[in-house]
1. Pick from VAL124, VAL57, VAL93: which is most flexible by mean-square fluctuation in a GNM of the chain where alpha carbon atoms under 10 Å apart are linked?
2. What percent do you get for the relative contact order of the chain when only Cα pairs under 8 Å and 6+ apart count?
3. Work out, step by step, the length gained on full extension between ILE135 and SER3: first 0.36 nm times the residue separation, then minus their alpha carbon distance; give nm to one decimal.
4. For SER82, what is the net charge nearby, where nearby means another residue's Cβ is under 15 Å from its Cβ and Lys, Arg count +1, Asp, Glu -1?
5. Summing Lys, Arg as +1 and Asp, Glu as -1, what charge do residues with Cβ under 11 Å from the Cβ of ILE70 carry, ILE70 excluded?
6. In segment 46-64, whose amide N lies under 15 Å from the spot 7 Å out along Cα-to-Cβ of MET20? List them in ranges.
7. Using the Kirkwood radius over Cα pairs, work out the Stokes-Einstein diffusion coefficient for the chain at 20 °C and 1.002 mPa s, in µm²/s as a whole number.
8. Within 10 Å of each candidate Cβ there may be at most 13 other Cβ atoms; applying that plus a DSSP loop requirement, which trypsin sites (Lys or Arg not before Pro) in segment 86-137 survive?
Amino acid sequence: MDSQSVAAFVTSTNQVFTTMLSLQVSAGKPYSGCAVPRFENDVSGIIGLSGDVQGMVVLSFPTTTARNAIRAFTGMDMEPSSPDFADAIGELVNMISGAAKAKFEGRTISISCPSVVLGRGHRVTQPSDAFCITIPF
């Protein structure tokens with residue numbers, strides 16, 4: 001993935017968090033590698049990309065951060081056991097992915113419905129030959 005594509009996700013994440021959660025976030029230095037990272041967080045929203053850009057977008061948080069983000073997003077405090085908790089995480093990754101998709105001008109891209117994984121130390125895996133870029137915020 002080129003730097004312009006990475007910038008699309010950085011910009012989209014900033015826009016969603018600023019406009020929808022009234023929170024300022026700043027991106028750390030993106031890093032890449034062939035190994036699939038192990039997510040040490042407790043909550044991950046996942047959306048698949050297909051078409052001219054293929055892969056997945058994973059928005060991953062510790063539970064406390066996810067709860068705080070959802071409170072900022074919805075105005076309500078939710079337990080992870082609530083179905084609305086997973087829906088809110090899914091909607092956040094959906095908005096980020098949709099905003100990034102709009103920045104890939106001239107390319108045909110489809111995004112899947114979001115999935116949400118809850119549980120400490122879960123793994124989000126891809127094919128072994130997949131290239132992964134992580135953008136810490």
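The values are calculated or read from the model by the stated rules, or taken from the named source; none is laboratory data. Quick caveat, the model's predicted, so the values are computed rather than measured. Positions of Cβ are generated from backbone atoms using ideal geometry, with glycine treated the same way; all protein chains shown enter the neighbour counts. Note: accessible area is taken over every heavy atom of the protein model, side chains too, but ligands, DNA and RNA are not part of it. Shrake-Rupley method; radii C 1.70, N 1.55, O 1.52, S 1.80 Å.
1. Among VAL124, VAL57, VAL93, the largest GNM mean-square fluctuation belongs to VAL124.
2. Taking the mean separation of contacting Cα pairs over the length of the chain, I get 41 percent.
3. Full extension of this stretch gives 46.3 nm more.
4. -4
5. Net charge around ILE70: -3.
6. Residues passing the 15 Å test: 46-48, 57-61.
7. Taking Rh from Cα pairs, D becomes 140 µm²/s.
8. Sites meeting the loop and neighbour criteria: ARG107, ARG120, ARG123.
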